[in-house]
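The next block holds one structure in the form of structure tokens; read it before the comments.
The values are calculated or read from the model by the stated rules, or taken from the named source; none is laboratory data. Nothing here was measured: the structure is a model prediction, and the numbers come from that model. Positions of Cβ are generated from backbone atoms using ideal geometry, with glycine treated the same way; all protein chains shown enter the neighbour counts. Surface accessibility is based on the protein's heavy atoms, side chains included, excluding ligands, DNA and RNA. Shrake-Rupley method; radii C 1.70, N 1.55, O 1.52, S 1.80 Å.
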Amino acid sequence: MINEIAQEFTDFLNEWHSYPEPYDDKLDAWLYGEYAKAKAKRNFIDWKSVYFSPSSANKDDRELYVKALKMPKDTDEVKPWQRRWTAQGTAVGDWLQREILLAEKHFERYTLEKPPFVMARTDDGQPFFEDFVHGQFKFEHNGEKFSLIGTCDGVLIHRPTGKRIGLEIKSKQTSYSETSESRMKAPKDDHIAQVTCYSLMYDLDAYLIVYVNTSKKAWFMTDDEFAKSPDFRVFGVDVTDDMKRQVLDKFAGVARAVREQTPPKLNLDKFRFNNFKRSCALSLTDDEFNEIKDEVKRVMRSGLPNWKKEAYYEAFEFIRDVREQEAS
């Protein structure tokens, strides 16, 4: 069912974007006005409690552990292209949210049919996304208490069925081939874990993950070329109770580790995108560091690809250097 809905959303966007963009100052004035109200109103967040963000659902448990202990986050230098990259990714999400709101008002004028998807609304009539639904959602699981803090890219109403479906928007910016049929077969595990968290927060059981590629093959393309290298892809995810339980199990395990002060093992597979590398390195006991050293030795002797061996060794070098600098 969700795969058919994902295809329907793909067809809906392609049809909607086959017409000129309508200008709608009233929509923009209303949307910006609602944002101003939301920005001016502060939600109470208990930052002292154990909390997690949905985007961290597939992170290393040790990273989540040191973060929960309020240990310092890394302060890596931000490169100018990285700053632009992340900002443009945010803008892509804002753009697609507005496009859905535009389609609600103007799709029927172009097509003589009502749009199959509309954005859900809050009790106050605001779009169900971003600052309008940001908050702290508390959970108790396996005897542990913790919360999820964040907001979603949207919740859609599939009008033919009336079903509420989550919307997650991701950007691709390196190459037009990133969203090709041959290269992109499924959504990333990180993103599936993330939307599972949103499903818990907003009581959903189905999600659409939309990958929008800002790198295009060409201005002029044949239909065959566009079919092979589309500039966006949509994947449907059925969020099962078992998926939700696995996410809750993970967070509850970290919450228990924090309460009992029993740090989880550091996962070197996820070290490159660990945002608390230094804190993780300094939190290791001498025995844990020696275990990591032995693990890296085994990896270097294994038949794993060279890129993976290099990643392990780079992680080890970083950890060793940080610990030596701290000791000196």
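Quick notes on this one:
- Residue in segment 39-49 that is over 26 Å from Ile157 (Cβ atoms), at pLDDT below 95, among the acidic types (Asp, Glu) and not in a helix (DSSP H, G or I) present: yes
- Unmet criterion (only one of (1) crowded, with 16+ Cβ neighbours inside 10 Å; (2) farther than 30 Å from Asp123 by Cα; (3) in contact with a His (Cβ under 9 Å, 6 or more places away or on another chain)) for Phe9: (2)
- Checking each residue in segment 49-70 for being closer than 14 Å to Gly253 by Cβ, of a type in the set (A, V, I, L, M) and open to solvent by 30 Å² or more (accessible area, probe 1.4 Å) picks out only Val50.
- Selection count where residues are hydrophobic (A, V, I, L, M, F, W, C) and either open to solvent by less than 20 Å² (accessible area, probe 1.4 Å) or under 26 Å from the mean Cα position of the chain (by Cα) (or both), scope segment 209-224: 3
- Residue in segment 69-76 that is out of contact with any strand residue (DSSP E or B) (no Cβ under 9 Å at 6 or more places or on another chain), under 27 Å from Gly33 (Cβ atoms) and in a loop (DSSP other than H, G, I, E, B) present: no
- The set of residues in segment 254-276 being of a type in the set (Val, Ile, Thr) and open to solvent by 50 Å² or more (accessible area, probe 1.4 Å) consists of Thr262 alone.
- Looking only at residues in segment 102-125 that are of a type in the set (A, V, I, L, M, F, W, C) and not in a helix (DSSP H, G or I), the one that is nearest to Gly135 (Cα to Cα) is Ala120.
- Flag if Arg278 is among the basic types (Lys, Arg) and closer than 28 Å to Ser49 by Cα: yes
- From Lys228, Lys250, residue being of a type in the set (Lys, Arg), open to solvent by 30 Å² or more (accessible area, probe 1.4 Å) and within 21 Å of the chain's Cα centre (by Cα): Lys250
- Segment 110-128 - residue that is over 20 Å from Thr10 (Cα atoms) and not acidic (Asp, Glu) and, of those, surrounded by the most Cβ atoms within 10 Å (Cβ to Cβ): Pro127
- Within segment 252-272, restricting attention to residues that are assigned to a loop (DSSP other than H, G, I, E, B) and in contact (Cβ under 8 Å) with a residue 60 or more places away in the chain, the residue that is farthest from Lys145 (Cα to Cα) is Phe271.
- Any hit, segment 284-294, residues being touching a residue at least 12 places away in the same chain (Cβ under 8 Å), of a type in the set (A, V, I, L, M), buried (at least 16 other Cβ atoms within 10 Å of the Cβ) and touching an Asp or Glu at 6+ places or on another chain (Cβ under 8 Å): no
- The residue that is farthest from Glu168 (Cα to Cα), among those in segment 50-63 that are assigned to a loop (DSSP other than H, G, I, E, B) and either basic (Lys, Arg) or touching a strand residue (DSSP E or B) at 6+ places or on another chain (Cβ under 6 Å) (or both), is Val50.
- Residue within segment 85-101 that is assigned to a loop (DSSP other than H, G, I, E, B) and within 28 Å of Arg233 (Cβ to Cβ) present: no
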